[in-house]
Structures are given as structure tokens and as C-alpha cells.
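Asks: My structure is below; once you've seen it, I'll send some questions.
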Amino acid sequence: MIHTEQNFSKAIEARRSTYGISKESTISDERIEEIVAFAIKHTPSAFNSQSGRAVVLLGENHDKLWNLTEAALKEIVPAEKFQPTADKMASFRNGYGTVLFFEDQAVVRDLQERFPLYQEKMPDYSLQSSGMLQYIVWTTLHAEGLGASLQHYNPIIDDAVQKVWDIPSDWQLVSQMPFGKPTAAPNEKQFNSVAERMKVFK
Ligand SMILES: Cc1cc2nc3c(=O)[nH]c(=O)nc-3n(C[C@H](O)[C@H](O)[C@H](O)COP(=O)(O)O)c2cc1C
């Protein structure tokens, strides 16, 4: 499904946190929907529970998210220190869209009841699966020429998000991924020694 000529490893290498994004897209809205739907369908989950949920916000819905996030932050960030926060919100609002990732707690609770042995682990498994879902969307958006980053303004925006888009109360917000056509290259990235981070026994 990666329509560029990159293979999987190239796509993994190309994915970055891209903060400079514009209100343009390199692909159609239908293709954006298809990417998220494909990831939702194929991301693995514990006991195939399929606990991942996503909401795609485009156009004025995207703007609305960053306006309400800015309003929530204004409540807690001191006024004299607010400008950098406002600038950051503007940089996300400048993007083309945002994907919201959720985990359905009704699914997690059901798993806990059905598999008591793993009860304590189920929330971990749910978030691990969410990470995979987020990663697939992030990497595919980049492979399609878009830039994206991963943000966490939950839980301060949870109530507003639930209200504005009528989100089921069991859907717990995990992250927000603003994206758009890149306007600036990502920062240089430092890599720690891979040799120190893995062991092989053979
Ligand atoms: C679980 C997780 C949480 C992250 N949270 C944030 C965040 O809240 N805000 C942000 O700007 N970047 C966030 N990032 C992005 C990391 O800072 C970034 O992936 C890391 O510095 C490596 O850079 P790269 O994404 O360009 O490869 C997060 C990444 C992961 C995997």
C-alpha cells in the first residue's frame, strides 16, 4: 500500500518528527482516510481485541482541535509564558489535518473479564497496540510525502474533544498526530550506539 517507490525499510528510515507543516497535502483526502483505515484494520492487538480507534480531523475540524487545545493550555500556562505555547499551537494548526488515536476501554474491560490471568496487563497491551497503530499511520503518511509529529495534550483536552466530536465515552484519547506538507526538514537526529542496545546470542 506504500505508493512511493520506497520499500519498508526505507519508509521506516524516512519517518521523522516533522514540525514544519503547511495547510497543503501531497495526497487526496480519500487517500488519507484509506491510510488510517488500512492501519486500523491491520494493526495487531492482544487477543485480536482490535481496541484501537482513530478520528481523522480535516479542514475546520483540524483548526478547531488546535484552538481548543490552545484554550485548555491557556487555563494552566501563566500568561507571561504563554507566547511559546501559542506559537506551538499555531504551528500544529498550520497543518492540513490531525489524526486522533484512542483506545476503547470497553474492549479492554471485556478482555480483563474474559482473561483474568492477564487482567493487570491488558491496559499495557492496549497501549502497545496503539503504539503500533500510530507508528503505521505516521510511517505511511511520511512515505506519501507528508510530515507528521506525535503530540500528547490528553488528558487536558479529553472532555472538549469528546463533546465537540461526540466521541463515545469509552474511547480514551492516547495521542494526536498533526500532519501536512513539510515546510522544513526535521532536526538532525542523534543515534545512540545500536551495539550497546542489543545483544545477539548464537
Ligand atoms: C511514545 C512517544 C511519545 C512521544 N511524545 C511526543 C510529544 O508529546 N511531543 C512531541 O513533539 N514528540 C513526541 N514524540 C516524538 C519523539 O520526540 C521523537 O520520535 C524522537 O525524538 C525521535 O525523533 P524522530 O521522530 O524524528 O525519529 C514521541 C514519540 C514517542 C514514540
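Asks: I'd like to check something: does the stretch 77-89 contain any residue that is surrounded by fewer than 19 Cβ atoms within 10 Å (Cβ to Cβ), more than 14 Å from the ligand (Cβ to nearest atom) and touching a residue at least 12 places away in the same chain (Cβ under 8 Å)?
Replies: Among the residues of the stretch 77-89, at least one is surrounded by fewer than 19 Cβ atoms within 10 Å (Cβ to Cβ), more than 14 Å from the ligand (Cβ to nearest atom) and touching a residue at least 12 places away in the same chain (Cβ under 8 Å), which makes the answer yes.
Asks: While we're here: Suppose we filter the stretch 101-153 for residues that are outside any helix (DSSP H, G or I), more than 10 Å from the chain's Cα centre (by Cα) and within 13 Å of the ligand (Cβ to nearest atom); how many remain?
Replies: Adding up the residues that qualify gives 2.
Asks: Any idea which of 105, 134 is under 20 Å from residue 38 (Cα atoms) and surrounded by 14 or more Cβ atoms within 10 Å (Cβ to Cβ)? I'd like the intermediate steps shown before the answer.
Replies: Working: 105 fails: under 20 Å from residue 38 (Cα atoms).
None of the other options fit; the residue is 134.
Asks: Inside the stretch 107-155, can you point out the residues that are touching a Pro at 6+ places or on another chain (Cβ under 9 Å) and polar (S, T, N, Q)?
Replies: 112, 129, 149, 151
Asks: From (1) more than 19 Å from residue 51 (Cα to Cα); (2) within 11 Å of the ligand (Cβ to nearest atom), pick out the condition that doesn't hold for residue 177.
Replies: Every listed condition holds for residue 177 apart from (1).
Asks: Name every residue in the stretch 1-12 that is within 18 Å of the chain's Cα centre (by Cα) and either more than 16 Å from the ligand (Cβ to nearest atom) or surrounded by fewer than 16 Cβ atoms within 10 Å (Cβ to Cβ) (or both), in order of residue number.
Replies: 12
Asks: Does residue 39 meet the test of being in a helix (DSSP H, G or I), touching a helix residue (DSSP H, G or I) at 6+ places or on another chain (Cβ under 9 Å), touching a residue at least 60 places away in the same chain (Cβ under 8 Å) and closer than 20 Å to residue 100 by Cβ?
Replies: So residue 39 fits the description; yes.
Asks: Right, here's the next one. Scanning for something part of a helix (DSSP H, G or I), more than 16 Å from residue 144 (Cα to Cα) and either within 15 Å of the ligand (Cβ to nearest atom) or under 15 Å from the mean Cα position of the chain (by Cα) (or both), does the stretch 18-36 turn up at least one residue? I'd like the intermediate steps shown before the answer.
Replies: The first filter runs over the stretch 18-36 and keeps only residues part of a helix (DSSP H, G or I), leaving 29-36.
If we keep only those that are more than 16 Å from residue 144 (Cα to Cα) too, we end up with none.
No, because not a single residue in the stretch 18-36 is part of a helix (DSSP H, G or I), more than 16 Å from residue 144 (Cα to Cα) and either within 15 Å of the ligand (Cβ to nearest atom) or under 15 Å from the mean Cα position of the chain (by Cα) (or both).
Asks: Shifting gears a bit: Considering only the stretch 45-68, state which residues are of a type in the set (D, E, K, R) and surrounded by fewer than 20 Cβ atoms within 10 Å (Cβ to Cβ).
Replies: Listed by number, the residues that qualify are 60, 63, 64.
Asks: What about residue 97, is it of a type in the set (Gly, Ala, Ser), buried (at least 19 other Cβ atoms within 10 Å of the Cβ) and within 14 Å of the ligand (Cβ to nearest atom)?
Replies: When the stated conditions are applied, residue 97 does not pass them.
Asks: Now for a separate question. Just the residues that are crowded, with 19+ Cβ neighbours inside 10 Å and touching a helix residue (DSSP H, G or I) at 6+ places or on another chain (Cβ under 6 Å), please, taken from the stretch 140-163.
Replies: 140, 142, 143, 148, 153, 157
Asks: Hey, does the stretch 188-198 have a residue that's closer than 22 Å to residue 10 by Cβ, β-branched (Val, Ile, Thr), more than 14 Å from the ligand (Cβ to nearest atom) and loosely packed, with under 13 Cβ neighbours inside 10 Å?
Replies: yes
Asks: Against the definition (modelled with pLDDT of 95 or more and over 13 Å from the mean Cα position of the chain (by Cα)), how does residue 176 come out, yes or no?
Replies: On the way: modelled with pLDDT of 95 or more: yes; over 13 Å from the mean Cα position of the chain (by Cα): no.
Spelling it out, it is not the case that residue 176 is modelled with pLDDT of 95 or more and over 13 Å from the mean Cα position of the chain (by Cα).
Asks: Before we move on, is residue 156 assigned to a helix (DSSP H, G or I) and within 16 Å of the ligand (Cβ to nearest atom)?
Replies: Answer is no for this residue.
The values are calculated or read from the model by the stated rules, or taken from the named source; none is laboratory data. Because the structure is a prediction, the values reported are computed rather than measured. Note that we place each Cβ from the backbone using ideal geometry, even for glycine, and neighbour counts take in every protein chain shown.
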